[in-house]
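The values are calculated or read from the model by the stated rules, or taken from the named source; none is laboratory data. No experiment lies behind these values; they were computed from the predicted model shown. Note: ideal-geometry Cβ built from the backbone for every residue, glycine included; neighbour counts use all protein chains shown. We work out accessible area using only protein heavy atoms, side chains counted, and drop any ligands, DNA or RNA first. Shrake-Rupley method; radii C 1.70, N 1.55, O 1.52, S 1.80 Å.
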Amino acid sequence: MSFCVLIPARLASTRLPRKVLLDVGGVPMIEQVRRRALESGAAQVVVAADHPEVVDCIRSYGGEALLTAAEHVCGTERLAEAARLLGLADDAVIVNLQGDEPGMTPALLHATAQLLLDHPQRQMATAAVPVTHWDDLADPHVVKLALDADGCAQYFSRAPMPWDRSHFPLSSGQTLPQTPGIWWRHLGLYAYRNAFLQDYAVWPASPLELIESLEQMRALERGVQIAVYCAAEAPAAGVDTAADLDRVRALFP
């Protein structure tokens, strides 16, 4: 089996207007993202856009793009529509790559998809990297996860977890106790089987999802196993602000 990468892209971004079309390394950001996906070994890479301008941009570079409904409230809904428009099989493995992540590592895309290719019984996968410092563990913008013995997610949270009651809390800048494989930072990268994606996109928001403001809790609360690929280090962060854009542009001189 192979996998495909679908890239949800909104032109109407709020914090950085029209960011997917801003220049990164001489081409629009969304084209840089598409190139990372092509380097992953995916059999198909498609941008799912909310505006014809984005579709036209991708097609001008010879890429594949679809126009999806502007009303979608999240990327998952947009991907589900794109998968239907493409007529993907129920068992197709789909990687969700955000349209504002030109620094994504192609190997990470491949490895996350491979978790589903290697484990046919699993429906969803994601990725994580180690947390090594207290400041990251305590930061609510850094999403943490706990793993079970099978390498699947037990819980995601914005709070510091798991809590080491013998040592926590630590002071700012302190390194976490040397216990490998305990503290993990979640990366916003997902892979799904198409049949599961179609169900997941229409499930109502769950109580823990609303409390934590974490969409993946919707799957956990329904008993879905989320396989986790544990990478050694994180790719460059995505672009939300003008400062992020400057940082990312430095990666593409």
Return the residues of segment 221-233 that are touching a Phe, Trp or Tyr at 6+ places or on another chain (Cβ under 9 Å) and either open to solvent by less than 30 Å² (accessible area, probe 1.4 Å) or on the phi > 0 side of the Ramachandran plot (or both); say none if nothing qualifies.
Val224, Ile226, Val228
Please go through (1) at negative phi; (2) assigned to a loop (DSSP other than H, G, I, E, B) for Gly62 and return the number of the only condition it doesn't satisfy.
(1)
For segment 100-141, how many residues are open to solvent by 10 Å² or more (accessible area, probe 1.4 Å), touching a Ser or Thr at 6+ places or on another chain (Cβ under 8 Å) and part of a strand (DSSP E or B)?
1
Output yes when any residue across segment 54-71 is of a type in the set (A, V, I, L, M, F, W, C), without any contact (Cβ under 8 Å) to a residue 60 or more places away in the chain and closer than 24 Å to Leu187 by Cα, and no when none is.
no
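So, of the residues in segment 83-99 that are over 15 Å from Ala43 (Cβ atoms) and modelled with pLDDT of 95 or more, which turns out to be surrounded by the fewest Cβ atoms within 10 Å (Cβ to Cβ)? Break it down into steps so the answer makes sense when it comes.
To start, the set of residues in segment 83-99 that are over 15 Å from Ala43 (Cβ atoms) comprises 84-85, 90, 96, 98-99.
Next, only the ones that are modelled with pLDDT of 95 or more stay: 84-85, 90, 96.
Details: Arg84: 14, Leu85: 13, Asp90: 11, Asn96: 22.
Out of the qualifying residues, it is Asp90.
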Read through the list (1) under 19 Å from the mean Cα position of the chain (by Cα); (2) open to solvent by 30 Å² or more (accessible area, probe 1.4 Å); (3) not basic (Lys, Arg), then give the number of the only condition that Ala153 fails.
(2)
Considering only segment 234-242, I want to know if a residue exists there that is open to solvent by 60 Å² or more (accessible area, probe 1.4 Å), among the hydroxyl-bearing types (Ser, Thr, Tyr) and either out of contact with any helix residue (DSSP H, G or I) (no Cβ under 7 Å at 6 or more places or on another chain) or without any contact (Cβ under 8 Å) to a residue 60 or more places away in the chain (or both).
no
